[in-house]
Amino acid sequence: RAWWADTGEPVRPGEWASARAVRSGQTVRDQLMKIERFDGTFAFVLNSAAPILDANERIAGSAVAIQDITALRNAEEAFRLSEMQLKLFVEYAPAAIAMFDREMRYLNVSRRWREIFNLGERELTGASHYEILPDIPPEWKESHRRALAGEVLAIEADRFRRADGSVLWLHRKLRPWHDAAGAVGGIVIFLEDITERVRAEQALREAHNRAVWLARFPDENPIPVMRASADGVILYCNPASVKNRDWACSVGDPLSGPVRPLVALAMESGEELQREVKMGTGFYAITLVPFTNETYVNIYGHPITKRKLAEEASRKSEERLKRAQEIAHLGSWELDLIDNRLSWSDEAYRIFGLQPHEFAATYEAFLERVHPDDREAVDAAYSASLRENRDSYEIEHRVICKHTGEVRNVHERCHHYRDESGRIIRSVGMVHDITGRKQAEDTLRERTRQLEDANSELESFSYSVSHDLRTPLRAIDGFTRMILKKHADKFDEDATGMFEVIRDNARKMGQLIDDLLAFSRLSRVQLSTVTLDVGGLIGEVWEELRALNPDRRLSLKIAEILPGRGDRGLIKQVLVNLLSNAIKFTGQREEALIEAGCENNSDEIIYYIRDNGAGFDMHYCGKLFGVFQRLHSAGDFEGTGVGLAIAKRIINRHGGKIWAEGKVDKGATFYFTLPIV
């Protein structure tokens, strides 16, 4: 079998060099193929063929030549791979590296080099180093010439001012590279940014010079300086130690506090001693320099109270953060993308079920702890956030604790940080253990399913009970009516009254059954939410109810009422129940004064119905909205005790609240809320 080397497509019979030579009469040269040998191995070959002519100049066949170029091909591939690896190595090396030809044109450059010189992502290959950085000092150019001449150079510290005015200190190494013939092909330059080190050394030198000067002139030293004898008696104290309340020393006084035992320790060892001690209300870094031959010790006290307080505040802050993370099951982490170093907080280790010594502190080690079914999605989410240059991302996934095998659910949120060129170099994130929440959600779903099943069974039971109870009720009412109709002359007035009581209670029982069914159906009614003219709906219900009570003096005052959102039919039922109650419980008033209005409460509207009726005792308000719960006797006010329970269920299904306020014989106010339009 054979395949074209450039496309990988199989070579068809008519495409072989021999077939084409016979068909065209022309020589076919150097077909590059990949072939499978009889032993199963593969090789790259150049396939050529020329036509063979017989005595009559007709094509009689072809001569075929096959050249095995596998070794050459492999060498070319190895060279290409090596070149690619070198390019990747240089580009992503943590050091600043650049490779140039003899004309100082860029051949390759690392990202760190771009960062040092603020070169961004511009294309550098083939560009002149001196055009890219026109402000290169003459001594740098001279070092380039020397390296191109074959010299290896190392410059310890060079000062370089960037285009933005900032100053860098760089350690430079220059080395020539040679071509195949051994000639210098260009140079490679290695840079190390030592700016911070140089600044630290300068600061150290300045501090040393100041310390030397102050040691020579202790009276001018702003920090406490003293000299004490071997037995701890003060021989000298500068003005700063006299004025400082923490020290307040005088010549001839014995040393006090924690310094005195340090004098004996320094004299015994004969070496300089440094300690941090508390003197009075402050903290000091004490340096004791013994002069054993002279039997005295020089003492220098540098104040470090601010540092100590800052350290203590930092420690307490870290402790509070650690405690807060433990309480909230919230861990933190940070990933340095330059050197792939990952750090976790203590709570992050707890969430993943690991100890610090068990963790390799790399991104790959983190992925190993992610649940296998979630690992690909987690890696894809993080990689996509880097690839798409997003500021942040978040994801929920599972992790497996190493020792127990416990599966935990976590919610991760990550934020990326960039360098001056805009490249993402660091990721900081929070990991929240939401296992408890997930378990609660699962429990809630199961409980909801059980409640739905129970509701379904209850509805079926309600319909069954309704059917089973209605039949005997109809029989009781029907036979009682027949007895009164056919045998009325046989009963006196008391007996007839008893039969009417039987019929009246049968009707009440029927009403109870109807109310119970209406209450149970509410859980199955599909809401059709629209914008409601609640004021208009109140007026509509009022006219219907007033027509049913022509003998009553009824007065309704409707304030300005805002529209709300809800199911028109169900909200009308709420208003019917509340206004019916208002009319019913004002039955003992000469005139029923009823008021309807609303209050705007930012994200919801509070509607109310107020009356001047019998009111109620607030101690029993918890019973108002229960099924068959009554605060007044049926003899005083008729009803089944289901109306308010129905109203409560309707308002609850709208996501609202319903409650009441009242006083005995002072009327009542019923409130309910609906979403604002």
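The values are calculated or read from the model by the stated rules, or taken from the named source; none is laboratory data. Note that the coordinates shown come from a computational prediction; the quantities given were computed from them, not determined experimentally. All Cβ positions, glycine included, derive from the backbone under ideal geometry; neighbour counts span all protein chains shown.
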*How many of the residues making up region 125-140 are in contact with a Phe, Trp or Tyr (Cβ under 9 Å, 6 or more places away or on another chain) and either surrounded by 13 or more Cβ atoms within 10 Å (Cβ to Cβ) or in contact (Cβ under 8 Å) with a residue 40 or more places away in the chain (or both)?*
7
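Could you identify the single residue in D373, D419 that is at pLDDT 90 or above and either touching a helix residue (DSSP H, G or I) at 6+ places or on another chain (Cβ under 7 Å) or not assigned by TED's automatic domain parsing to the domain that holds E115 (or both)?
Sole residue among the options that is at pLDDT 90 or above and either touching a helix residue (DSSP H, G or I) at 6+ places or on another chain (Cβ under 7 Å) or not assigned by TED's automatic domain parsing to the domain that holds E115 (or both): D373.
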*Which ranges mark the helices (runs of 4 or more DSSP H) fully within region 89-181 that have 3 or more residues being farther than 28 Å from I425 by Cβ and in contact with a Pro (Cβ under 6 Å, 6 or more places away or on another chain)?*
none
*Residue check: is G639 modelled with pLDDT under 80 and more than 29 Å from P675 (Cβ to Cβ)?*
yes
*Inspect region 77-93 for any residue being surrounded by 13 or more Cβ atoms within 10 Å (Cβ to Cβ), of a type in the set (D, E) and at pLDDT below 80 and give the result as yes or no.*
yes
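Yes or no, residue by residue, for (1) buried (at least 18 other Cβ atoms within 10 Å of the Cβ); (2) touching a strand residue (DSSP E or B) at 6+ places or on another chain (Cβ under 8 Å); (3) more than 20 Å from W659 (Cα to Cα):
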{"position": "A547", "(1), (2), (3)": "no, no, yes"}
{"position": "G566", "(1), (2), (3)": "yes, yes, no"}
{"position": "I583", "(1), (2), (3)": "yes, yes, no"}
{"position": "E599", "(1), (2), (3)": "no, yes, no"}
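In contact with a Ser or Thr (Cβ under 7 Å, 6 or more places away or on another chain) and in contact (Cβ under 8 Å) with a residue 24 or more places away in the chain - does that describe any residue in region 250-264?
No, every residue in region 250-264 fails to be in contact with a Ser or Thr (Cβ under 7 Å, 6 or more places away or on another chain) and in contact (Cβ under 8 Å) with a residue 24 or more places away in the chain.
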*For region 350-362, enumerate the residues that are buried (at least 16 other Cβ atoms within 10 Å of the Cβ) and part of a helix (DSSP H, G or I).*
R350, I351, F352
_region 227-254: number of residues that are under 18 Å from H302 (Cβ atoms), among the aliphatic types (A, V, I, L, M) and touching a Leu at 6+ places or on another chain (Cβ under 8 Å)_ = 1
